[in-house]
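Structure first, then comments.
The values are calculated or read from the model by the stated rules, or taken from the named source; none is laboratory data. It should be emphasised that the depicted structure is a prediction, and the values quoted were computed from it without experimental measurement. Virtual Cβ from ideal backbone geometry, glycine too; neighbours counted across all protein chains shown. When the accessible area is computed, the model is the full protein with side chains, heavy atoms only, and any ligands, DNA or RNA have been set aside. Shrake-Rupley method; radii C 1.70, N 1.55, O 1.52, S 1.80 Å.
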Amino acid sequence: MSTALHRAEARVAAGQRLDRDDALALWHHADDDTLARLASVVRARFHAPDRATYVIMAIVNYTNVCVARCDYCAFYKFPGEAGTYLLGFDELVQRIDVVAGHGGQLVGFNGGFHPDLSVHDYCELFRKLHTHYGDRLAFYEMTIAEFMFVAKRSRMDYAEAVRHFREAGTRWITGGGAEILDDAFRLRHSPGKYKVEDFYDAQRAVLDGGLGSTATMVIGFDESIDERLNHLERLRSFQDERIASGGGRLSSLLVWTYKPYHTELGGQEVSTREYLRHLALCRLFVDNIANLRTSVLTRNEDALLGLRYGANDFDLPTEDEVTQKAGATVSLEFEAILDAARRIGFTPVRRGAWAIGGATAGA
Ligand code: SF4
């Protein structure tokens, strides 16, 4: 065993924080079983070792109009192109009712950067939806990327935009649209979207303003291991800052994989093995976010193997046009997916929409 790998293993056993050299040693030199074993040690500091939680949810894509032009995206249409859409309230209700019919507890909204929508437009829609559904469903109202765009478009600073969303009843947004949080990566693939520090300014405003938020990461584009570690290191330091502030913090880290089909960037999907190893690295390196979520949407039943590599929570998705357009497949055979968790020794427990890693459904 290399000295560097030995040091990393010793640090995990002692409950010490890993540095980048440790992470690189684990990534390059630890075998799969070692990574799974070490990630499980850290997972067990937060969660029962044989239990995993899940929620049934959908991502409803309310518009495909987008001016960002990310080269890894198969979903968007530029304004004026054939095939653009923007769903109204009645169409959204129809879509959401389908999700609820599948037992869905949570609906996340995700759309393009639509140049004609303002914070007030979103707030008006959210108010109507909250009135219509009451407490029957929980909503992740938008991704942080959309939040940033619409706040700027409405000439509001982030704190002011958060106040408007709170008044409209918004409780949570997600850290979606993060992909790889590294400015060189962003310049290569989505130069018009945002810079990394702007992203964290927005997350800070959201959490300071009393909304909940999450962290996400997507791997499998053309990013280097250094760019992945830049993402994880900045995320970890941001969560340190939140913990020190005593204010709201990021509730979870969801990792999924790029789907390359029908995109300008193209490429090939990362293997399940690489995904699982990356999950383990996330669990080991990002030691201050309790919940690590594995992606059934992009890895199907293989995602459940992630429970052995440090993940503790997952979605059972009923739809997401963005990833489905790029090659993701959705299965409504929920029991078969849950059996994949049971076969490897985990008891899947349905949780409340807001209770990641914690209480059971209805809590
Ligand atoms: S990933 Fe999102 S922001 Fe980028 S082009 Fe697609 S819809 Fe627009």
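Things to note:
- Check on Leu232, within 14 Å of Ile144 (Cα to Cα) and outside any loop (DSSP other than H, G, I, E, B): no
- Under the condition of being surrounded by 13 or more Cβ atoms within 10 Å (Cβ to Cβ) and more than 14 Å from the ligand (Cβ to nearest atom), the residues counted in segment 98-114 number 9.
- Pairs, first closer than 15 Å to Lys193 by Cβ in segment 71-85, second more than 9 Å from the ligand (Cβ to nearest atom) and of a type in the set (A, V, I, L, M), C-beta under 6 Å, six or more apart: Asp71/Leu265; Tyr72/Leu265
- For Glu9, the conditions (1) within 16 Å of the ligand (Cβ to nearest atom); (2) of a type outside the set (A, V, I, L, M); (3) more than 26 Å from the chain's Cα centre (by Cα); (4) open to solvent by less than 40 Å² (accessible area, probe 1.4 Å) are fulfilled apart from (1).
- The numbered conditions (1) within 22 Å of the chain's Cα centre (by Cα); (2) within 30 Å of Arg350 (Cα to Cα) are all true for Arg136 except (1).
- The set of residues in segment 189-213 that are in contact (Cβ under 8 Å) with a residue 60 or more places away in the chain and either surrounded by 14 or more Cβ atoms within 10 Å (Cβ to Cβ) or more than 26 Å from Gln268 (Cα to Cα) (or both) comprises His189, Ser190, Lys193, Val206, Gly212, Ser213.
- Qualifying residue in segment 78-93 (condition: more than 22 Å from Ile219 (Cβ to Cβ), in contact with a strand residue (DSSP E or B) (Cβ under 9 Å, 6 or more places away or on another chain), open to solvent by less than 10 Å² (accessible area, probe 1.4 Å) and of a type in the set (A, V, I, L, M)): yes
- Just so you know, in segment 246-304 the residues that are open to solvent by less than 30 Å² (accessible area, probe 1.4 Å) and basic (Lys, Arg) include one that is farthest from Val330 (Cα to Cα), and it is Arg283.
- Counted residues, segment 191-242 - those being modelled with pLDDT under 95 and among the basic types (Lys, Arg): 1
- Residues in segment 214-229 that are in a loop (DSSP other than H, G, I, E, B) and crowded, with 19+ Cβ neighbours inside 10 Å: Thr214, Gly220, Phe221, Glu223.
- Selection within segment 86-97 - within 16 Å of the ligand (Cβ to nearest atom) and either in contact with a helix residue (DSSP H, G or I) (Cβ under 6 Å, 6 or more places away or on another chain) or without any contact (Cβ under 8 Å) to a residue 12 or more places away in the chain (or both): none
- Only one of Ala68, Ala39 that is within 16 Å of the ligand (Cβ to nearest atom), open to solvent by less than 30 Å² (accessible area, probe 1.4 Å) and of a type in the set (A, V, I, L, M): Ala68
- Residue match in segment 128-143 (condition: closer than 21 Å to Met217 by Cβ, in contact (Cβ under 8 Å) with a residue 24 or more places away in the chain, buried (at least 19 other Cβ atoms within 10 Å of the Cβ) and touching a Gly at 6+ places or on another chain (Cβ under 6 Å)): yes
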